[in-house]
1. Please give, to one decimal in nm, the separation of the simple spin-label points placed at B:SER350 and B:VAL211, each 7 Å out from Cα toward the Cβ.
2. How big is the charge dipole of the protein assembly as shown about its Cα centre, in debye rounded to the nearest 20, if each Lys and Arg gets +1 on its Cβ and each Asp and Glu gets -1 on its Cβ?
3. Suppose R0 equals 51 Å. What FRET efficiency, 1/(1 + (r/R0)^6) with r the Cβ-Cβ distance, do B:ASP191 and A:SER130 give to the nearest 0.05?
4. Taking the mean number of other Cβ atoms within 10 Å as a proxy for protection, how do you rank B:433-439, B:217-223, A:68-74 from highest to lowest?
5. Give the Kirkwood hydrodynamic radius (Å, one decimal) of chain B, defined as one over the mean of 1/r across all pairs of different Cα atoms.
6. Give the value in nm², to one decimal: projected area of the alpha carbon convex hull of the stretch B:114-153, averaged over all directions.
7. Determine the principal axes of the Cα atoms in the stretch B:333-408, then give the extent along each, sorted from largest to smallest and rounded to whole angstroms.
8. For peptide A:316-324, how many partner chain Cβ atoms fall within 10 Å of a residue's Cβ, on average?
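The values are calculated or read from the model by the stated rules, or taken from the named source; none is laboratory data. As the structure is a computational prediction, the values presented were derived from the model and not from experiment. Quick reminder, even Gly has a Cβ in these numbers, built from the backbone with ideal geometry, and neighbours come from all protein chains shown. SASA here: full protein model, heavy atoms, side chains in, ligands and nucleic acids out. Shrake-Rupley method; radii C 1.70, N 1.55, O 1.52, S 1.80 Å.
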Amino acid sequence: MDIVIAVIKIILALVWFLVLTLYLTWLERKESAVIQDRIGANRANIWKFRFLGLFQPFADAIKMIFKEDFVPAFANKFLHTLAPFLSFFFVAITICAVPFGDTLRLGGRTISLQVLDLNAGLLFILAMLSLGIYGIILSGWASRNRFTLLGGIRGAAQLISYEVALGLSLIGIIMVFPSLSLQSIVRFQGENILGFIPKWGVLLQPLGFVVFFFAALAETKRVPFDMPEGESEIIGFFTEYGGLKWGLFMMTDFMEIIIVSALLTTLFFGGWQVPWLAADGFHWPWGGGRALPHGVVVLLQLLAFNIKIVFFCWLQILIRWTYPRFRYDQVMDLGWKVLIPLSLLNIVGTGIVMGFLK
Amino acid sequence: MPTRIQKQARQDTMLLNMGPSHPAMHGTIRVMLELDGERILNSEVEVGYLHRGFEKTCEHRTYFSLLPYTDRLNYVSPLINNLGYVMTIEKMLGVEVPERAQYIRVLMSELSRISDHLTCLAAMAMECGAFTVFLYKMKAREFLWDVIEQTTGARMTTSYIRIGGVRADLHPDFDAVLKKAVEETRLVLKDVHGLLDKNKIFLNRTRDVAVMSREDAVAFGWTGPCLRSTGVSYDVRKAQPYLVYDRLNWDVPLGERGDNFDRYLVRMKEMEQSLRIIEQAAARIPESSRGFIAEGMAPAQAIKESRRQRVRKDIALSPNLEGSEEARYPDILASDKGFVVPPKEETYTSIEGLINHFKFFMRGHGIRPPKGDVYFAVEGGNGELGFYIVSDGTDRPYRLHLRAPCFHIVSSLEQLIRGRYVADVIPTFGSMNMIGGELDR
């Protein structure tokens with residue numbers, strides 16, 4: 001029975017992840033259209049039923065599936081084919097460590113609303129996101145094209161310049177909420193400061209949040225950090241890909257946005273926590289409360305988590321369509337000379353404050 | 001055959017072939033880069049992918065019929081090309097252009113200049129990754145093209161400015177459409193200033209990148225906004241005023257450092273000055289007393305009725321000739337009969353008119369300037385757009401040479417990108433406003 005539940009959880013999480021990804025492409029199209037005074041994709045329809053272009057992601061998917069699977073003549077066929085799958089796999093697997101909600105009690109069983117509560121879930125996600133870079137390096141290298149090679153090298157250089165800051169910025173969070181399990185970190189954030197302010201990570205670690213946010217933007221490899229792609233400079237590491245393989249790279253990008261948003265939510269914005277909502281209902285800080293049935297509480301938590309994710313996706317798309325692109329040495333400058341010192345400062349500051357509060 | 005850079009390249013460097021099919025090489029140009037990592041050691045710029053033999057073709061066309069070729073030079077501001085060519089011929093012939101036509105020419109060339117600058121900066125911003133700026137500027141350009149389209153009847157291949165004046169008078173709704181276009185352009189310029197001027201990323205990408213000194217700029221023969229960005233105040237409109245530019249009140253914006261950001265900023269400021277010129281010109285343009293003809297007789301009917309006695313009635317011209325009625329000729333075209341297309345009313349209804357028409361277009365009978373050579377330059381979108389024409393007294397130029405401003409500017413690209421990164425090629429090349437049709441001719 002446990003295995004059945006686990007399989008169901010895996011399938012549900014993955015399907016939900018893919019649905020979010022599909023509709024993130026729609027969100028991106030529509031949001032950029034609003035920013036740029038356009039209408040955005042609205043032609044895809046089923047029996048003339050357009051519904052704001054919501055069928056566009058499916059049209060895109062069908063188009064990509066039926067395109068020719070092209071491998072350049074001098075490319076290394078094995079590595080060229082492997083690269084998009086590596087990229088996709090490493091980002092798709094991260095969803096298993098993301099806590100969607102607290103526990104669900106169903107027929108006498110307690111089911112955790114997380115595929116796998118790893119005790120080092122945070123490290124697991126960071127590790128998988130870093131491994132995803134192999135897909136980029138391999139695709140750049142195996143395509144046998146000088147532009148893609150530059151893209152691959154840029155990807156690797158960018159990775160080492162922001163990944164350190166990304167990791168260091170989270171040390172403060174781990175000091176404040178002493179755990180590496182994402183579920184425990186979220187539970188810690190259920191408490192209140194002074195009895196009424198939710199104890200969310202962003203309030204305890206504002207500097208850590210800023211550093212993490214910038215490093216995470218670099219992680220997604222989109223404008224302003226889209227050096228590996230840089231479509232007007234080097235056209236990108238996936239120049240030699242077409243059809244669904246290219247689509248996998250694109251999906252990887254969007255999935256990274258979602259994972260980064262999930263991490264931001266989980267670590268800094270209380271994850272599935274709704275302010276003042278406990279397992280048995282709301283407890284207002286001014287006294288009193290409102291009891292809610294278990295199912296409603298779980299639903300509220302799931303809803304809160306997904307709304308927060310969508311908010312951060314929206315924010316990232318807004319940034320993507322507003323700013324120009326960095327130059328590749330400037331990203332390294334930003335990573336090594338600004339973000340890493342800031343994150344070190346954050347660790348020291350957090351340590352000092354915690355020492356005094358003890 | 002190996003090119004210069006292929007022969008000279010070191011063994012441990014990588015040669016990267018950028019273009020002619022590359023998203024940033026608008027128009028078609030090829031840049032071979034010798035790279036050490038991403039640093040550019042050497043480069044070789046190869047032009048000529050859009051060479052269409054403009055100058056040679058012109059030797060086989062009459063002075064009137066080569067006008068459409070000039071539309072295709074700088075295809076972002078075709079009206080200024082028309083103007084440059086036409087004014088060169090006028091200088092040769094000594095034609096006096098009516099004042100209203102001169103104001104119309106100023107209006108049209110400033111509208112084209114704004115659309116030229118908008119296109120250049122839009123492409124530059126897009127290549128730096130700011131796609132939103134690109135679309136904002138394209139939106140403003142759309143309003144400007146509406147004005148041009150309404151009066152000239154075409155968006156790109158206008159052939160509107162003719163020897164002796166302009167092809168047609170302004171559209172009756174011109175003022176309203178122009179007002180809207182100016183307003184929208186101002187709004188877009190404000191937005192773009194807000195998005196880019198203090199944007200740290202954009203400043204990092206463009207400030208102190210590809211710096212050109214004044215001396216080098218002059219030595220390379222730079223003109224236009226690129227030259228002014230280095231601080232040299234040279235604008236053909238001020239230096240050798242033509243049309244009515246000396247009667248209007250406007251400034252020449254200058255840069256200080258001559259880097260990519262200055263080239264961006266000078267263009268932005270120049271657009272504001274052009275808007276000023278447009279507003280003044282639109283206010284001061286001499287009124288045309290002649291209204292549009294609402295009801296006219298069809299040409300066939302007029303010919304039929306003119307069998308015995310000449311009918312002095314208005315002829316309804318086809319819609320594509322709107323604005324070029326005979327009654328309007330004194331306002332928009334010179335009075336010399338030999339240099340302008342005879343009015344259609346005459347051609348349709350009288351035998352003399354028909355003969356004049358044929359004589360104007362017949363080989364060996366059209367516009368025949370006196371022997372000699374002449375150079376005349378106007379301020380194009382990119383700088384000094386000069387035509388040099390040698391006439392041997394026939395109806396075709398013996399030799400026609402175009403001084404394309406961006407040819408001189410692009411020739412310094414190799415120097416500007418040496419020692420910089422691959423990513424710096426993009427804003428540098430974008431700020432030069434390379435236009436293939438003008439560069440390769």
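1. Result: 6.8 nm between the two label points.
2. Working: 85 positive and 80 negative charges, 167 e Å.
Here the size comes out at about 800 debye.
3. Values: r = 39 Å, r/R0 = 0.76.
Here the calculated transfer efficiency is 0.85.
4. Working: B:433-439: 25.7, B:217-223: 19.7, A:68-74: 11.4.
Order by mean packing, descending: B:433-439, B:217-223, A:68-74.
5. 23.2 Å
6. Details: hull surface 10.1 nm².
Projected over every direction and averaged, the Cα hull of the stretch B:114-153 covers 2.5 nm².
7. 51, 27, 18
8. On the way: counts 0, 0, 0, 0, 3, 4, 7, 10, 21.
Average per residue, whole number: 5.
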